[in-house]
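*Asks:* I am attaching a structure below and will ask some questions about it afterwards.
The values are calculated or read from the model by the stated rules, or taken from the named source; none is laboratory data. Keep in mind it's a predicted model, so treat the numbers as computed, not measured. Cβ coordinates were reconstructed from backbone atoms using ideal geometry, including for glycine residues, and neighbour counts include every protein chain displayed.
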Amino acid sequence: MNKSIISLPKEIPIFPLSNFIIFPKTSVPLNIFEPRYINMIDDAMKGNRMIGMIQPKSFNQKTPDLYKIGCVGKITSFNETEDGRYLIVLAGVSRFKITEELKTQKLYRLCKVDFKDFSYDLEEKDEEIKFSDLEFIFKNLKSLFIKQGYIIDWKELEKKSLNQTINALAMASPFSLEEKQILLETNDLSERKQKLEQILSTYNFDNFNNKTIQ
């Protein structure tokens, strides 16, 4: 087993967030204001600084069912605002699979997790994809982002590595909760690119139909 996996925690605090995914080797800012998650960050900062980001399957339940696959991240920046909120930056480390949710007196949820299916998340390797292969994705995502009112710094994005670019687009895109989960669970960058194209084809087809009806 990968030594890096062995060093990862077997139990992690869980932060369920709808329509939000994070990939390994990507970083995201988070604004923490709910008391239970303030408490979670307090505990994480006293330990390994790691929390697990995962999507809930529904919005309505007080304790919603969770998807089994998420991504653990490490807090790399921490600031407290005057009104008591926490502004953190979370760096993705590895995806995980929940094996068991633990009973606890804590305000937040705690789970046992397994990383063995995602050992390649910790590897440094170049994928056999070129930026020219992303022409379809860039063209259609730009159109979708404009229609949805999203703003992306495309020139800055193109300066990043291919892995970072595809993952950043998957994370930022205005896709459904289920579509983002599909992207999170892909095996590798090539499959993620393929799924992105499939999802975009559906969106463009729907947009075309809508325009035709009008």
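*Asks:* Across region 110-122, which residue is surrounded by the fewest Cβ atoms within 10 Å (Cβ to Cβ) among those that are more than 18 Å from the chain's Cα centre (by Cα) and at pLDDT 95 or above?
*Replies:* Within region 110-122, the first condition is being more than 18 Å from the chain's Cα centre (by Cα), and the residues that meet it are 110, 112, 116.
With at pLDDT 95 or above added as a condition, the list becomes 110, 112.
On the way: 110: 17, 112: 15.
For region 110-122, the residue satisfying everything is 112.
*Asks:* Taking only region 50-88 into account, find how many residues are in contact with a Lys or Arg (Cβ under 6 Å, 6 or more places away or on another chain) and within 16 Å of residue 25 (Cα to Cα).
*Replies:* 4
*Asks:* Here's another thing I want to ask about it. Considering only region 39-87, how many residues are modelled with pLDDT under 95, among the basic types (Lys, Arg) and touching a strand residue (DSSP E or B) at 6+ places or on another chain (Cβ under 9 Å)?
*Replies:* The number of residues fulfilling the criteria is 1.
*Asks:* When you look at residue 102, is it surrounded by fewer than 19 Cβ atoms within 10 Å (Cβ to Cβ), in contact (Cβ under 8 Å) with a residue 60 or more places away in the chain, within 14 Å of residue 16 (Cα to Cα) and not acidic (Asp, Glu), yes or no?
*Replies:* Details: surrounded by fewer than 19 Cβ atoms within 10 Å (Cβ to Cβ): yes; in contact (Cβ under 8 Å) with a residue 60 or more places away in the chain: yes; within 14 Å of residue 16 (Cα to Cα): no; not acidic (Asp, Glu): yes.
So residue 102 fails the test.
*Asks:* Just to verify a result, which residue in region 26-38, among those that are surrounded by 15 or more Cβ atoms within 10 Å (Cβ to Cβ) and out of contact with any helix residue (DSSP H, G or I) (no Cβ under 8 Å at 6 or more places or on another chain), is modelled with the lowest pLDDT? Before the answer, list the steps.
*Replies:* Of region 26-38, the ones surrounded by 15 or more Cβ atoms within 10 Å (Cβ to Cβ) are 26-28, 30, 32, 37-38.
Cutting the leftovers down to out of contact with any helix residue (DSSP H, G or I) (no Cβ under 8 Å at 6 or more places or on another chain) gives us 27, 30, 37-38.
Working: 27: 91, 30: 96, 37: 96, 38: 97.
Ranking the candidates gives 27 first.
Okay, residues lined up against (1) surrounded by fewer than 18 Cβ atoms within 10 Å (Cβ to Cβ); (2) assigned to a strand (DSSP E or B); (3) at negative phi; (4) without any contact (Cβ under 8 Å) to a residue 24 or more places away in the chain:
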| position | (1), (2), (3), (4) |
| --- | --- |
| 15 | no, yes, yes, no |
| 24 | no, no, yes, no |
| 42 | yes, no, yes, yes |
| 48 | yes, no, yes, no |
| 63 | yes, no, yes, no |
| 73 | no, yes, yes, no |
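*Asks:* Specify the residue that is surrounded by the fewest Cβ atoms within 10 Å (Cβ to Cβ); the eligible residues are those in region 163-201 that are under 15 Å from residue 56 (Cα atoms) and of a type in the set (D, E, K, R).
*Replies:* 178
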